[in-house]
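Before any comments, here is the structure.
The values are calculated or read from the model by the stated rules, or taken from the named source; none is laboratory data. This structure is a prediction, so every number in the text was calculated from the model and none was measured. Here the Cβ positions follow ideal geometry from the backbone for every residue, glycine too, while neighbour counts run over all protein chains shown. These area figures cover heavy atoms from the full protein model, side chains too; ligands, DNA and RNA do not enter into them. Shrake-Rupley method; radii C 1.70, N 1.55, O 1.52, S 1.80 Å.
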Amino acid sequence: MAGEVKDILKRKLTGKHYERLIAIANSKMHRFVADAIELTDPSSVYVCTDSPDDVAYIRALAIKNGEEIPLDIKGHTCHFDGYHDQGRDTFSTRYLLPTGSSLGESLKSVEKQAGVAEVRGFLKNSMADREMLICFWALGPIGSDFAIPCIQITDSPYVAHSESILYRPGYEQFKKIGDSPHFFRFLHSEGELEKFVSKNVDKRRVYIDLEEEMVYSVNTQYGGNTIGLKKLALRLAIQKASREGWLAEHMFVMGVHGPKGRVTYFTGAFPSACGKTSTSMLPGQTIVGDDIAYLRKKEGQMRCANVEKGIFGIIRDVNSKDDPIIYEALTEPIEVIFSNVLLVDNKPHWLGMGRELPKKGINHSGQWLEGTKDDKGNEITASHKNARYCLNIPDLANCDPLLDEPEGVLVGGIVYGGRDSDTWVPVEQAFNWNEGIILKGAAIESETTAATLGKEGVRTFNLMSNIDFVSIPLGRYVQINLDFANGVKKPPLVFSVNYFLRGKDGKYLNGMADKLVWILWAELRVNGDVGVLKTPTGFVPIYDDLARLFRQHLSRDFTRDDYVRQFTIRIPENLAKLDRVEKVYREKVPDTPQILFRTFDEARSRLKAAAHKHGDYISPFDLAQGGPFDLAEK
Ligand code: OXD
Ligand code: MN
């Protein structure tokens, strides 16, 4: 270790912690820690190992410093973020890029030298009255090709506590990498606090240095901005994956349980707050992960692993009827961190929990009374729409046995979806891989939600549901996805789903439980058990198969009218969507692969030809008459 680095570490780290740090013989890591100490000037430094005692220390510290409040049920705590710090800050999250380089106009950046100086200015002495926590975690199953070692430095025990739930321990793993420079680094400080929350949110910055594989985050506590291994690491991983030939995606991973004990694994990409968690927790199925997956090719197979081992889920409309498994987990004595819910007598309450909410309590705005308005005149909801819970997947009864499998799971199907009120049918299979990537994944549009700061309900283009995190030029990202099936013996089938379709009266056409049928149908398709109906947009289910699945799994009739309302092909809406999305590619994505435009043109021609024959709104029964049933596709 260089003399200067050693001196800094020796000065700040007391015996045990110094020993723990140097037990990892990694000079780049030592330099990173020494620099962070010099910059933030903590009053003390705590180096965490993988031991349960260290996790217990972090948890106790979060309670002691007021960042978490213990709740009635054993293992439960509650954290509040500041009123203006309740979602991912997509404006102040930027790539640090050297002068003259660009990732395309869709990816926000800041000139590197100026950006580093700015964020380091905000971090200067930010830990002067606090303990610095140094934590080591792994992204992906330990000991696997998927795994990436990470170091997180933070002054927030809430952040470290959340990571202990969400990620696999990494201290012992880090020892094994020797002096390798290949690991991700995260430096976070909450900045100045007022009533336990970050005070200077106007100086909130999340700056990502792709070359250095490192992220700075300051003046914020909200998990999406601070938990380095979550969305900040995803950006680093997308760049790394693009160099190394694998994929890092905003995807759930689940085991879908078909007939006779068969399990087929699916991944699914939907934008934040559009049903990834509730899909991966569907009754009767098993969860591998709900948010971020790495996909790799191994011996001609496409395999994937959950990067995490916990869930940082949205707690809204989680009730015993719509999300029974999550609801049950949240009322059991397992380890859970709630954030930004309503607290009354140390009990959490949230929007849509299936009971009347109390009229007063403590929430993200402080003491709250029903009807209170904020400084912009908006009514403050009892709990925030982006309130969260954080728990360990192995604590769930539906945890998939392959969660930690080093080889990952075989991907049978991929599902893309978004918040779309008027275009896509509830479930549909793409004609092939390329059509799936282009007309499903690369064509996602979704209405914005409370998971990001800013206006809700605005229809926006969201490439593969990953637009907020893509860190390479968008056209290249599409091409990499297209190429990913090369050399795969049996590429996964690609599907779209739409849980948010509405009728003419504006009412949702589906209940929350219906998604179980769409996913089970897709599982039958992957295994060649059901036929399909060919439409201009893709393959849709045959009525009788859905009617049977609804009866069998939801004990409900699915009528022919339901089928027609939900599976009518809406030609004008589909054409308008293609035009809107194509405009984005033409205007903002100069490196768009030409195949995307060709595939859009083909889709347009199919839609127009069908409209010519059947009109603008085509009932699937009209297409069924005289074929072409694609039973041969089985
Ligand atoms: C998340 C998000 O927290 O995407 O998963 O915002
Ligand atoms: Mn997410």
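Every residue, every condition in (1) crowded, with 20+ Cβ neighbours inside 10 Å; (2) touching a residue at least 24 places away in the same chain (Cβ under 8 Å); (3) closer than 27 Å to Trp433 by Cβ, yes or no:
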{"residue": "Ala522", "(1), (2), (3)": "yes, yes, yes"}
{"residue": "Thr559", "(1), (2), (3)": "no, no, no"}
{"residue": "Val564", "(1), (2), (3)": "no, yes, no"}
{"residue": "Ile571", "(1), (2), (3)": "yes, yes, yes"}
{"residue": "Glu602", "(1), (2), (3)": "no, no, yes"}
{"residue": "Ser619", "(1), (2), (3)": "no, yes, no"}
{"residue": "Ala624", "(1), (2), (3)": "no, yes, yes"}
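For the stretch 276-294, what are the residues that are among the hydrophobic types (A, V, I, L, M, F, W, C) and within 16 Å of ligand 2 (Cβ to nearest atom)? Passing the criteria: Met281, Ile287, Val288, Ile292, Ala293. Considering the stretch 248-274, the residues that are within 11 Å of the chain's Cα centre (by Cα) and open to solvent by 20 Å² or more (accessible area, probe 1.4 Å) include one that is nearest to Pro324 (Cα to Cα), namely Ala273.
Looking only at the stretch 217-246, how many residues end up being within 20 Å of the chain's Cα centre (by Cα) and away from ligand 2 (no atom under 16 Å from the Cβ)? So that I can check it myself, show each step before the final result.
Let us first name the residues in the stretch 217-246 that are within 20 Å of the chain's Cα centre (by Cα), namely 217, 220-242, 246.
Keeping just the survivors that are away from ligand 2 (no atom under 16 Å from the Cβ) gives 217, 220-221, 239-242, 246.
Result for the stretch 217-246: 8.
Taking residues in the stretch 248-275 that are among the polar types (S, T, N, Q), and partners anywhere that are crowded, with 24+ Cβ neighbours inside 10 Å and in a loop (DSSP other than H, G, I, E, B), the pairs with Cβ atoms closer than 7 Å and at least 6 places apart or on different chains are Thr267/Met251. Selection of the stretch 200-220 for residues being part of a loop (DSSP other than H, G, I, E, B), more than 14 Å from ligand 1 (Cβ to nearest atom) and out of contact with any Gly (no Cβ under 7 Å at 6 or more places or on another chain) yields Arg204, Leu210, Glu211, Glu212, Glu213.
Every residue in the stretch 527-557 that is part of a helix (DSSP H, G or I), open to solvent by 30 Å² or more (accessible area, probe 1.4 Å) and in contact (Cβ under 8 Å) with a residue 24 or more places away in the chain, please.
Of the residues in the stretch 527-557, the ones part of a helix (DSSP H, G or I) are 543-554.
Going one step further and asking which of them are open to solvent by 30 Å² or more (accessible area, probe 1.4 Å), we end up with 543-544, 548, 551-554.
Matches in the stretch 527-557: Tyr543, His553, Leu554.
Applying the condition of being part of a loop (DSSP other than H, G, I, E, B) and under 17 Å from Tyr389 (Cβ atoms) to the stretch 249-275 and asking which residue is farthest from ligand 2 (Cβ to nearest atom) yields Gly275. Within the group Val488, Val470, which residue is more than 21 Å from Ser278 (Cβ to Cβ) and either within 16 Å of ligand 2 (Cβ to nearest atom) or in a strand (DSSP E or B) (or both)? Result of the check over Val488, Val470: Val470.
In this structure, does Asn486 turn out to be open to solvent by less than 30 Å² (accessible area, probe 1.4 Å) and of a type outside the set (Asp, Glu)?
Values: open to solvent by less than 30 Å² (accessible area, probe 1.4 Å): no; of a type outside the set (Asp, Glu): yes.
No.
Could you check, for the stretch 225-235, whether at least one of its residues is away from ligand 1 (no atom under 14 Å from the Cβ), open to solvent by less than 20 Å² (accessible area, probe 1.4 Å) and either not in a loop (DSSP other than H, G, I, E, B) or not aromatic (Phe, Trp, Tyr) (or both)?
If we filter the stretch 225-235 for residues that are away from ligand 1 (no atom under 14 Å from the Cβ), which is where we start, we get none.
Looking for residues that are away from ligand 1 (no atom under 14 Å from the Cβ), open to solvent by less than 20 Å² (accessible area, probe 1.4 Å) and either not in a loop (DSSP other than H, G, I, E, B) or not aromatic (Phe, Trp, Tyr) (or both), one finds none in the stretch 225-235, hence no.
What about Ala241, is it crowded, with 24+ Cβ neighbours inside 10 Å, at pLDDT 95 or above and either among the charged types (D, E, K, R) or not in a strand (DSSP E or B) (or both)? Considered against the rule, which asks whether it is crowded, with 24+ Cβ neighbours inside 10 Å, at pLDDT 95 or above and either among the charged types (D, E, K, R) or not in a strand (DSSP E or B) (or both), Ala241 comes out as no. Do we find that Leu501 is surrounded by 19 or more Cβ atoms within 10 Å (Cβ to Cβ) and without any contact (Cβ under 8 Å) to a residue 60 or more places away in the chain in this structure? The answer is no for Leu501. The set of residues in the stretch 438-468 being open to solvent by less than 10 Å² (accessible area, probe 1.4 Å) and of a type in the set (Lys, Arg) consists of Lys440 alone.
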